[in-house]
Structure formats: C-alpha cells, structure tokens
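Notes for the one structure printed next.
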Amino acid sequence: MTISCDCEQSVAIYRKRDRTLRITITGPGDLTGAKIWFSVKRELGDDDADALIVKKSANNDGDDTQAKVYNGEDGIIEVYILPEDTEEIDEGDYWFDVVIETSSGRRLEAVGPSRFRIIQPVTMT
C-alpha cells in the first residue's frame with residue numbers, strides 16, 4: 001500500500017504561538033477511530049522519551065486538544081501546537097513525524113521524518 005500525505009514536508013512555527021497542522025492522508029482508507037502519534041525531536045535517533053513535543057489522540061493516551069481525526073472519511077487529521085509546547089525550545093531546526101494506527105490495527109508512517117523549524121518572533125507578547 002502506498003501512503004501519501006497532502007501536507008507540508010516541513011513545518012515552520014513561531015515560538016510560543018498556536019499552530020494547527022491539518023494533514024490529509026490518502027491510501028489507508030477511512031481513518032475514523034485511528035490512533036495518532038506526533039513527535040518532535042532534536043535528532044532522528046533520539047528516544048521517544050526524549051521528544052521535545054508529543055501529541056496523541058484521545059484513544060491513544062492523549063486528548064482532542066492534542067491530535068484528532070478531523071474527517072475520517074477524507075483522511076484528514078489535525079495536530080494542535082500550543083504556545084507552551086515551544087516556549088522552552090530554542091529557535092532552529094528539529095525533526096518531526098506522524099504515525100497512525102488504523103482501527104484495524106495497521107500502524108503506518110503517515111508523514112516521514114521531516115523538518116520542524118522554530119522561528120523567533122519579533123513581538124514577544
């Protein structure tokens with residue numbers, strides 16, 4: 001099966017700002033009930049426990065304010081980055097990916113390792 005993602009293969013976010021990542025995934029079919037994992041790490045080989053940002057869906061020890069299936073039939077998921085998620089992270093380039101597990105139990109790499117850039121804003125409020 002081929003998975004494709006209609007999403008940015010790199011993400012840029014201003015430090016201490018909100019950002020919603022809407023990701024469209026084609027290939028696995030209806031994503032209703034899918035589990036979602038989103039991680040940001042300094043280095044590709046870092047342990048999951050060392051991730052700088054972790055977001056999970058409600059059915060995966062997270063909640064709907066972290067990540068959720070937005071429209072399962074159309075393969076759309078959302079991940080929510082909050083100001084406090086980047087407050088302690090220096091500006092620069094990091095790595096992120098998105099993994100899903102379908103309701104049938106198939107675990108898939110929805111977005112392969114990609115760049116996650118933190119940008120320092122001018123206005124700090």
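Within region 10-35, residues that are closer than 12 Å to Ile118 by Cα have Cβ atoms under 8 Å from residues that are of a type in the set (Lys, Arg) and surrounded by 13 or more Cβ atoms within 10 Å (Cβ to Cβ) in these pairs: Ser10/Arg115; Ser10/Arg117; Val11/Arg19; Val11/Arg115; Val11/Arg117; Ala12/Arg117; Ile13/Arg19; Ile13/Arg117, counting only partners at least 6 apart in sequence or on another chain.
Of the residues screened, Glu73 is not one that is in contact (Cβ under 8 Å) with a residue 24 or more places away in the chain, in contact with a helix residue (DSSP H, G or I) (Cβ under 8 Å, 6 or more places away or on another chain) and not hydrophobic (A, V, I, L, M, F, W, C). The set of residues in region 71-89 being over 13 Å from the mean Cα position of the chain (by Cα) and hydroxyl-bearing (Ser, Thr, Tyr) consists of Thr86 alone. Of the residues that sit in region 92-111 and are loosely packed, with under 13 Cβ neighbours inside 10 Å and not acidic (Asp, Glu), which one is farthest from Asp48 (Cα to Cα)? Per the criteria, the residue is Ser104. Filtered by the rule that a residue be within 19 Å of Asp93 (Cβ to Cβ), surrounded by fewer than 18 Cβ atoms within 10 Å (Cβ to Cβ) and not β-branched (Val, Ile, Thr), region 34-57 gives Arg42, Glu43, Leu44, Gly45, Asp46, Asp50.
Only the coordinates and a few stated rules stand behind these numbers; no lab work does. Nothing here was measured: the structure is a model prediction, and the numbers come from that model. Heads up, the Cβs are rebuilt from the backbone with ideal geometry, glycines too, and the neighbour counts pull from every protein chain shown.
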